[in-house]
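Q: Can you keep this structure in mind? I'll have questions shortly.
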Amino acid sequence: MRIGVPKEIKAQEYRVGLTPQAVLMLTQQGHQVLLESGAGLDSGYHDGEFRASGAQILASVGELYQQAELIVKVKEPQTEEVARLRAGQMLFCYLHLAPNRALTDALIASGANCIAYETITDEHGRLPLLKPMSEIAGRLATQAGAHCLEKAQGGSGVLLGSVAGLDPGHVLIFGGGVVGSNAADVALGMGAKVTLIEPFAPRRASLAAQFTSDRFTAIGSEGLDLPSLLADADMVVGAALVPGAAAPKLLSVEDLKYLAVGSVLVDVAVDQGGCFATTRPTTHLAPSFVEAGIVHYCVANIPSAVARTATQALSQASLPYVQKLAASGLQACLNANPGLAAGLSVARGMLTCPAVAGAQQREYSLWNVVLE
């Protein structure tokens, strides 16, 4: 199969869809990999490394899209990328369609078959292509939030770790999944007090066993005294996830009044619409804004900040699925791999993802009926 890897064009997206090592494995299996020149530079990979792995380097992104049967990239396609897609072509990347009806409509109109990394499941129902980026995003969320707390960034001037016998800063985390647990790990490592809100009791027990520090508390979501929790928090991390669907709104505009001026909100769910009512997407070059005296960090592609590590982790996770798609084609591959089929969001001009349909209040079709 002809596999195309274009250069990412979303603002400050520095990752690339496949590493040279992944390309080598694909070419050794008889597939042709087309790479847009310079696609790997921001992740530290030069064209020569890809060429040595068997990739064909193309200067024209238009030619790449014309030739490739399967497009492998990182972030959701931008307007000019959607325009290059053609009917029957496969697109494999993060899509985050739930909050973006316009992109959903455009992909439907393209006729391309679009598979979302973020809704693919493994045999245990986990999200194997979301997990590595969630680990990175969770760890970076605390780092970024700590930086935003600095006075020069508009923050309150609070240091998370305890010094000189002073009480540590307090990090409040919504969600105890991969993002939330990694955010907690870093916050505890920085010396902060951490309160994590997790609705599922078994997960709370697991977190309590993982984090034995007396600075860590995991609590349920019922009967919360939210005003008191917010009043005591220096940083709030939104890490709630409903796979494929819009993120739940955890804080209203009214809730911000309980936070101290200079407190920080870090919304890791911004690419799914955001956990906070005041969230709006930001970029790595302008990562934060202040509203109602509260610093908001809402970068929609947080892992791109560590593009080298993120590219390696993502390529490692996605390669087995790329190999499956390239070896047997779409329908046969999905029939044999139900977890991969869960990632199919758009096929043959129809929406096939129930979670996206629910978020956008529209109809969807079963993928196996669409591909018959």
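Q: Inspect all residues belonging to the range 234-256 and state whether any of them is touching a strand residue (DSSP E or B) at 6+ places or on another chain (Cβ under 7 Å), hydroxyl-bearing (Ser, Thr, Tyr) and not assigned by TED's automatic domain parsing to the domain that holds residue 45.
A: no
Here is a yes/no grid of residues against (1) farther than 25 Å from residue 12 by Cβ; (2) modelled with pLDDT under 95; (3) among the aromatic types (Phe, Trp, Tyr); (4) surrounded by fewer than 24 Cβ atoms within 10 Å (Cβ to Cβ):
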position	(1), (2), (3), (4)
252	yes, no, no, yes
256	yes, no, no, yes
259	yes, no, no, no
264	no, no, no, no
278	no, no, no, yes
282	no, no, no, yes
286	no, no, no, yes
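Q: Then there is this: Scan the strands (runs of 3 or more DSSP E) fully inside the range 98-198 and keep the ones with 2 or more residues being under 18 Å from the mean Cα position of the chain (by Cα) and at pLDDT 95 or above.
A: Fully inside the range 98-198 and qualifying: 113-116, 170-174.
Q: Also, quick follow-up: If you go through the range 319-372, how many residues are among the hydroxyl-bearing types (Ser, Thr, Tyr), under 17 Å from residue 71 (Cβ atoms) and not in a helix (DSSP H, G or I)?
A: 1
Q: Looking at the range 39-97 only, could you name the residues that are under 20 Å from the mean Cα position of the chain (by Cα) and over 24 Å from residue 120 (Cβ atoms)?
A: 42, 79
Q: Scan the range 6-30 for residues that are in contact with a Gly (Cβ under 7 Å, 6 or more places away or on another chain) and either under 14 Å from residue 304 (Cα atoms) or buried (at least 22 other Cβ atoms within 10 Å of the Cβ) (or both) and jot them down.
A: 7, 16, 23, listed by residue number.
Q: Now for a different question. Taking the residues in the range 356-372 that are surrounded by 21 or more Cβ atoms within 10 Å (Cβ to Cβ) and not aromatic (Phe, Trp, Tyr) as candidates, determine which candidate is nearest to the chain's Cα centre (by Cα).
A: 356
Q: Quick check: is even one residue across the range 303-312 in a loop (DSSP other than H, G, I, E, B) and closer than 25 Å to residue 177 by Cα?
A: The answer is no, given that none of the residues of the range 303-312 is in a loop (DSSP other than H, G, I, E, B) and closer than 25 Å to residue 177 by Cα.
Q: Then there's this: Please determine whether any residue of the range 42-63 is modelled with pLDDT of 95 or more, within 23 Å of residue 348 (Cα to Cα) and of a type in the set (A, V, I, L, M).
A: Going through the range 42-63, the residues modelled with pLDDT of 95 or more turn out to be 42-63.
Those left that are additionally within 23 Å of residue 348 (Cα to Cα): 62-63.
Remaining after also requiring of a type in the set (A, V, I, L, M): none.
No.
Q: Criterion first (surrounded by fewer than 21 Cβ atoms within 10 Å (Cβ to Cβ) and at pLDDT below 95) does residue 317 satisfy it? Don't jump to the end; show me each part of the working.
A: Values: surrounded by fewer than 21 Cβ atoms within 10 Å (Cβ to Cβ): yes; at pLDDT below 95: no.
Against the criterion (surrounded by fewer than 21 Cβ atoms within 10 Å (Cβ to Cβ) and at pLDDT below 95), residue 317 does not qualify.
The rows are residues; the columns are (1) surrounded by fewer than 19 Cβ atoms within 10 Å (Cβ to Cβ); (2) out of contact with any Leu (no Cβ under 7 Å at 6 or more places or on another chain); (3) among the aliphatic types (A, V, I, L, M).
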site: 48; (1), (2), (3): yes, yes, no
site: 62; (1), (2), (3): yes, yes, no
site: 72; (1), (2), (3): no, no, yes
site: 78; (1), (2), (3): yes, yes, no
site: 83; (1), (2), (3): yes, yes, yes
site: 89; (1), (2), (3): no, yes, no
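Q: Considering only the range 44-86, state which residues are without any contact (Cβ under 8 Å) to a residue 40 or more places away in the chain and among the charged types (D, E, K, R).
A: Residues satisfying the conditions are 47, 49, 51, 63, 84, 86.
The values are calculated or read from the model by the stated rules, or taken from the named source; none is laboratory data. Keep in mind the model is a prediction, meaning the values are calculated, not measured. Heads up, the Cβs are rebuilt from the backbone with ideal geometry, glycines too, and the neighbour counts pull from every protein chain shown.
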